[in-house]
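Read through the structure below, which is laid out as structure tokens, and then see the notes.
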Amino acid sequence: MNERLILVTNDDGYDSKGLAAAVEVARSFGRVVVVAPETTQSGMSQAITMYNPLYLRRVREEEGLEIYAFSGTPVDCVKMAFDYLLRDERVDLVISGINHGSNSAVNVLYSGTMGAAIEGSFYGCPSVGLSLDDHRGDADFDAAAAYGKRIVGDILAAKIELPLCLNVNVPVGRPETIKGIKLCRQNRGFWREEFYRHEDPRGREYFWLTGEFVNGEPGAEDTDEWALANNYVAVVPVQTDLTDYRQLSGLRNVLK
């Protein structure tokens, strides 16, 4: 049996602590190739680079591991891997992460981490986005790595219909303190943003974006937000069909 090939990427950059944890997960299952952004690309979603040149450089190579830094977005990284670096090879799994911060609820639409995972699924490859609900630079990724290995191992061992993309969010805590895994749906939450206005030394105004997440269904116990709040690993299968099927029949009577 040929050794598995695992592609790893992220949106926090090739030298992030979370990427190192993702590499640890991936190396448990085969040969690993990393193509990750040169700099932080959080919030890039499915963005691609069309009007600027892209630069690829090899950062490190050792037995069973190659790491490349790429000047593009997370989705650019996946495309570079499948369509150039690994175009003559079969990739068995894509891992994106481990992200600093949760990508639950509507965050899945903004996330560069999940953008890369979704892109991997377009190539007919099972893809897993891993995120830790902790934005701190010194975040403890042990639990995310432990549950990442468990979930990836189960996926690789099973015969699952493709395409498959999983949004996995891990609560803060040591592995032994987490209650387990919950298969969930996406919470119907949203962000309410604020722009803070300032002036630079030359009197030009500039803004910093901040905001607060609003849980649209705090009582629902089958969502990713509930799972995280109750110390479970939240696993949501993600699809890219954005059709609002509830509106189709009604709109047929409106748009004739």
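The values are calculated or read from the model by the stated rules, or taken from the named source; none is laboratory data. Small disclaimer: the values here were computed from a predicted structure and weren't measured. With ideal geometry, Cβ positions are generated from the backbone for all residues, glycine too; neighbour counts draw on all protein chains shown. Accessible surface is based on the protein model in full, side chains and every heavy atom, while ligands, DNA and RNA are left aside. Shrake-Rupley method; radii C 1.70, N 1.55, O 1.52, S 1.80 Å.
When the chymotrypsin sites (Phe, Trp or Tyr not before Pro) in region 6-64 are filtered for DSSP coil states and for at most 11 other beta-carbon atoms within 10 Å of their beta-carbon, the remaining sites are Tyr51, Tyr55.
For region 180-256, the square roots of the Cα gyration tensor eigenvalues, ordered a ≥ b ≥ c, give a/c of at least 1.5 with a/b no greater than b/c, which places it in the oblate category. Between region 109-146 and region 1-57, the alpha-carbon centres lie 10 Å apart.
Charges were assigned to the Cβ only: +1 to each Lys and Arg, -1 to each Asp and Glu. The resulting dipole of the chain about its Cα centre is roughly 560 debye.
Sorting the segments 67-79, 190-202, 139-151 by their residues' average number of neighbouring beta-carbon atoms within 10 angstrom, most packed first, yields 67-79, 139-151, 190-202.
Only helical runs count toward this figure. For the chain, summing -39,500 (n - 2.57) over DSSP H runs of n ≥ 4 and dividing by all residues gives -7000 deg cm²/dmol at 222 nm.
How large a share of the accessible area of the chain, in percent, is made up of carbon and sulfur atoms when the probe is 1.4 Å and the other protein chains stay in place? About 50 percent, which is the carbon plus sulfur part of the accessible surface. For the chain, the solvent-accessible area of protein heavy atoms averages 55 Å² per residue (probe radius 1.4 Å; ligands and nucleic acids excluded). Does region 120-256 come out rounded, prolate or oblate, given a ≥ b ≥ c as the square roots of the eigenvalues of its C-alpha gyration tensor, rounded meaning a/c under 1.5 and, failing that, prolate meaning a/b above b/c? Cα axes put region 120-256 in the oblate bin. Evaluating 6.51 cos²θ - 1.76 cosθ + 1.60 at θ = phi - 60° for every residue in region 15-27, the Karplus couplings come out as 9, 7, 5, x, 5, 4, 5, 5, 4, 4, 4, 5, 5 Hz, glycine and proline recorded as x. DSSP beta bridges confined to the chain are antiparallel in about 40 percent of cases. Within the shell defined by Cβ-Cβ distances under 10 Å, the residues around Asn187 carry a net charge of -2, with Lys and Arg each +1 and Asp and Glu each -1. From the square roots a ≥ b ≥ c of the eigenvalues of the alpha-carbon gyration tensor of region 7-157, which class results: rounded (a/c under 1.5), prolate (a/b over b/c), or oblate? It comes out rounded by the Cα gyration axes. Largest mean-square fluctuation among Gln46, Gln186, Gln239, in a Gaussian network model of the chain whose springs join Cα atoms under 10 Å apart, belongs to Gln239. Taking a straight Cα-Cα cut-off under 29 Å and skipping sequence neighbours fewer than 8 places away in the same chain, the lysines within cross-link reach of Lys182 are Lys17, Lys149, Lys159.
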